[in-house]
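Remarks on the structure that follows.
The values are calculated or read from the model by the stated rules, or taken from the named source; none is laboratory data. This one's a predicted model, so the numbers in the text were calculated from it and none came from an experiment. Every residue, glycine as well, gets a Cβ built from its backbone with ideal geometry; the counts of neighbours run over all protein chains shown. For the accessible areas, the whole protein counts, side chains as well, though only heavy atoms, and no ligand, DNA or RNA atoms are used. Shrake-Rupley method; radii C 1.70, N 1.55, O 1.52, S 1.80 Å.
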Amino acid sequence: MTVVQEDAVADRVAQALEFIAQAEAEFAVGDTRQAAEKLYGASVQAVIAASIQRGWDYNSHRANKNATRQLADQYEDPFLSTGFTAAEKFHIHFHHGGMEDYQITADRHDVRSYVERMLKLVEEHEANRKV
């Protein structure tokens, strides 16, 4: 991986973490729609980081969804697919509202876990590459 790619991955990881922090701040003041978009953004940044590492397309929603499915298959981890699906619900909530409080509570946890899992895969992939 080139230095440019490594920088791009690091930037995406940093952005994912920043979006998670921003989402928590938005949830704290009750702005679920802005928080929802930040959670979705964090999930997309995490999958883009993984895609850049692997040389995969990441320039569309479909590409990000496909990358998530490929990683779920590769790591035999179906949560990767369901975690991204939970993130998509937040993207819809940002645009249209409608998520119930109990859904936000449950899915919020799933999206954070998805982002954490994706960032761990990014870290592991980088560590394995340097071995």
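Which FRET efficiency, nearest 0.05, do Leu17 and His96 yield, Cβ-Cβ r, R0 35 Å? Computed FRET efficiency for Leu17 and His96: 0.85.
Carbon-plus-sulfur fraction of the accessible area of the chain, 1.4 Å probe, in percent? Walk me through the numbers on the way to the answer.
Details: 3570 of 7070 Å².
Carbon with sulfur: 51 percent of the solvent-accessible area.
Qualifying GluC sites (Glu not before Pro) in the stretch 43-131, where qualification requires a DSSP coil assignment and no more than 11 other C-beta atoms within 10 Å, comprise Glu76, Glu100.
Protein chains only, probe 1.4 Å: how do Leu80, Leu119 rank by accessible area, largest first? Present the calculation step by step, with values, prior to reporting the outcome.
Working: Leu80 0, Leu119 25 Å².
Ranking Leu80, Leu119 by accessible area, largest first, yields Leu119, Leu80.
What helices does the chain have that are whole DSSP H segments, at least 18 Å long along their own axis by Cα, and with mean Kyte-Doolittle hydropathy of -0.5 or more? Please report the intermediate quantities before stating the final value.
Working: long enough: 3-28 (38 Å, 0.35); 32-54 (33 Å, 0.05); 61-74 (20 Å, -1.79); 79-96 (25 Å, 0.02); 101-130 (44 Å, -1.25).
Answer set is 3-28, 32-54, 79-96.
Each principal axis of the Cα atoms in the stretch 55-107 has its own extent, and those three values, largest first, are 36, 24, 10 angstrom. The share of C-alpha pairs in the stretch 1-107 whose separation exceeds 17 Å stands at 54 percent.
In a simple Cβ point-charge model (Lys, Arg +1; Asp, Glu -1; nothing else charged), the chain has a dipole of about 280 debye relative to its Cα centre. The residues of the chain expose, per residue, 54 Å² of accessible area to a 1.4 Å probe.
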